[in-house]
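Can you read through this structure? Questions will come right after.
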Amino acid sequence: MSGNISNFQLDSALEEARSRFLKRNPKSADAHEKATRSMPGGNTRTSLFYAPFPLAIARGDGPYVWDADGHKYLDLLGEFTAGLYGHSHPVIREALNRALDNGLNFGGHGLIEAEFAEVLCRRFKSIDLIRFTNSGTEANLMAISTALAINKRRKVLVFNGGYHGGVFTFHSGHNRINAPFDFILGRYNDVAGTRQLIEDNALALGVVILEPMQGGAGCIPASADFLSMLREVTAQHGITMIFDEVMTSRLGVGGLQGEVGITPDMTTLGKYVGGGMSFGAFGGTEKIMRHLDPRQPDALPHAGTFNNNVLTMSAGLAAMTQIYTPAAVAELNLRGERLRGRLNALFAERNLAISFTGRGSMMNIHPTTASVENVEDTKRGRPEIRDLFFFEMLEKGFYCARRGMINLSLVITDEHADQFVAAIDEFATVHKGLLSAPA
Ligand SMILES: *Cc1c(COP(=O)(O)O)cnc(C)c1O
């Protein structure tokens, strides 16, 4: 009975929040309507869409963004981790201006790419040699294809909830648009089941690819046992283990792999590493990566017009050497741990059935306090609570992902964190009845 009452209250609270959103954002509504004439659903990036229409963001500056109707938001989405530096960081601006002064699109090797490559090879233990791409999706495509070409096997083990790009989407199992690899789907954090799955497929299995903390699925860290089992079994059977650290590499100086002490055979990078420009990279052991050396007679080809584009190379080099220094990595992730701790303490004190999972500067809200070990666990509780959170946080001036993801950027201060905690406190107070844990 009380469940029905609170379901009813939740539905009406959400309906009210949506109708206030509609009223507040006529220019975004217009922009969306216009966009639908030339793009399916008015959209060119599915993850950004939500009903009734997504906000059109007109500009950003430092930690803030403004929508088409002039509302100002603290940007807590941080472009799904790619926006690590805030908007228009002066160091990146300067690097881009310098690059523009010297012209673009050379059709030749440049002078910056090797410098940038060296920085990344030094930083990530699993990367002896590296190649650049234009996106994280492409990095994963190249990493998987390279590994399978070398070990001459055909199957690829991925995990439920995993996200490795537009054609590597496993949020709800397999997806019709995925690249046509022979995928096997494992259960994230299931140590015994996954070990069995690998052993059953050992001869045909060429690649195991995973995020050491699933980002898109809701910031779900892999357990130490799960990762060490994977490292052990893949090594034993000659299977290439790939860490997709497109997001998680920001969680430690040497990536999340450095923090958890597991070294994969290959690693893919993306998002923030290119200083906010289009970016991807894949790297690994010398033994694997030398197959791409064009001086070898049977080298694997890896082309890409924009692989060494000077804007990305310049912005990335400046970002990784001058901005995201070891001290900055430590400070940002500590700030994230503190914020997540405060929010979870606030929920626990009030006995609310919501919690934030994550690690360091990345976190995600879930309408449950039960432990979240894989994407199935995120489906507990009522998903409308995420929507209510999203719309009401927008109204309070905080821009998060629709699915409740938050990624701190380097320009988010303690004062911003205090403001966000206060806004969540208010949300929790107003909706206490909806959010209370069952007795
Ligand atoms: C964003 C993301 C990708 C895809 O990168 P794009 O640059 O968007 O193609 C791959 N893997 C993970 C873990 C990601 O978060």
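Return the long-range amide H neighbours of residue 244 (sequence gap of 5 or more, or a different chain), with a cut-off of under 5 Å between placed amide H atoms.
210, 211, 268
Where does each of 425, 225, 265 land when they are ranked from fewest to most other beta-carbon atoms within 10 angstrom?
225, 425, 265
Over the Cα atoms of the stretch 296-387, how large are the radius of gyration and the largest Cα-Cα distance (Dmax), in Å?
20.6, 66
Quick check on the stretch 90-323: of the DSSP beta bridges with both residues there, what percent are antiparallel, nearest 5%?
DSSP beta bridges in the stretch 90-323 are roughly 45 percent antiparallel.
Amide H to amide H, which residues 5 or more places from residue 300 or on other chains are under 5 Å from it, using H placed in the peptide plane?
For residue 300, the qualifying residues are 292, 293.
Between the stretch 388-432 and the stretch 294-359, what is the separation of their alpha carbon centroids in Å?
If you average the Cα positions of each part, the centres end up 20 Å apart.
Then there's this: Taking the Cα atoms only, what angle lies between the long axis of helix 113-123 and the longest principal axis of the chain, rounded to 10 degrees?
70
A further question on this structure: At a Cα cut-off below 22 Å, give the lysines reachable from residue 396, other chains included and same-chain residues fewer than 8 away excluded.
Filter leaves 23, 27, 72, 432.
Given 10 °C and 1.306 mPa s, how large is the Stokes-Einstein diffusion coefficient of the chain in µm²/s, with Rh as the Kirkwood radius over Cα pairs?
70
Could you give the spread of the C-alpha atoms of the stretch 90-323 along their three principal axes, from largest to smallest, in whole angstroms?
56, 41, 34
Suppose a student asked you for the relative contact order of the stretch 222-340, using Cα pairs under 8 Å spaced at least 6 residues apart; what percent would you report?
Computed value for the stretch 222-340: 22 percent relative contact order.
Shifting gears a bit: I'd like the Karplus ³J(HN,Hα) series for the stretch 416-426: coefficients 6.51, -1.76, 1.60, θ = phi - 60°, whole numbers in Hz, and an x wherever there's a Gly or Pro.
4, 4, 4, 4, 5, 4, 5, 5, 5, 4, 5
When only Cα pairs under 8 Å and 6 or more residues apart are kept, what is the percent relative contact order across the chain?
Computed over the chain, the figure is 21 percent.
Taking neighbour counts of Cβ atoms within 10 Å as a proxy for exposure, in what order, fewest first, do 49, 183 appear?
Ordered from fewest to most neighbouring Cβ atoms within 10 Å, 49, 183 come out as 49, 183.
List every residue whose amide H lies under 5 Å from the amide H of residue 186, counting only residues 5 or more places away in sequence or on a different chain, with H placed 1.01 Å from N in the peptide plane.
For residue 186, the qualifying residues are 158, 159, 160.
Ok, one more. Indicate the gyration tensor shape class of the stretch 84-135 (rounded, prolate or oblate), computed on the Cα atoms with a ≥ b ≥ c the square roots of the eigenvalues: a/c under 1.5 is rounded; otherwise a/b larger than b/c is prolate and the rest oblate.
Here the stretch 84-135 falls in the oblate category.
By the gyration tensor of its Cα atoms, with a ≥ b ≥ c the square roots of the eigenvalues, what is the shape of the stretch 373-439: rounded for a/c under 1.5, prolate for a/b over b/c, or oblate?
oblate
Where a ≥ b ≥ c are the square roots of the eigenvalues of the C-alpha gyration tensor, would you call the stretch 136-203 rounded, which needs a/c under 1.5, or, failing that, prolate if a/b is larger than b/c, or oblate?
Because a/c hits 1.5 or more and a/b fails to exceed b/c, the stretch 136-203 counts as oblate.
Here is a further query. So for each of 17-28, 399-410 I average, over its residues, the number of other beta carbons within 10 Å; can you give me the resulting order with the highest mean first?
Ranking, from highest mean packing down: 399-410, 17-28.
Okay, next question. List, in order, the whole-Hz ³J(HN,Hα) value for each residue of the stretch 282-289 obtained from phi through the Karplus relation with A = 6.51, B = -1.76, C = 1.60 and θ = phi - 60°; use x for Gly and Pro.
9, x, x, 5, 4, 4, 7, 5
How much length, in nm to one decimal, is gained on full extension between residue 436 and residue 177, taken as 0.36 nm per residue of separation minus their Cα-Cα distance?
Length difference between fully extended and current span is 89.3 nm.
For residue 415, put the label point 7 Å out on the Cα→Cβ axis and report which residues of the stretch 54-68 keep their amide N under 15 Å from it.
Of the residues in the stretch 54-68, 62-64 have backbone N under 15 Å from the label point off residue 415.
Tell me the relative contact order for the stretch 90-323 as a rounded percent, counting alpha carbon contacts under 8 Å between residues six or more apart.
30
For the stretch 200-206, what does the Karplus curve 6.51 cos²θ - 1.76 cosθ + 1.60, with θ = phi - 60°, yield as ³J(HN,Hα) per residue in whole Hz, taken in order and with x for Gly and Pro?
Couplings: 5, 10, 3, 6, 8, 7, x Hz.
Values quoted throughout were computed directly from the atomic coordinates according to the rules given, and no laboratory measurement underlies them. Keep in mind it's a predicted model, so treat the numbers as computed, not measured. So basically every Cβ, Gly included, is an ideal-geometry build from the backbone, and we count neighbours across all protein chains shown.
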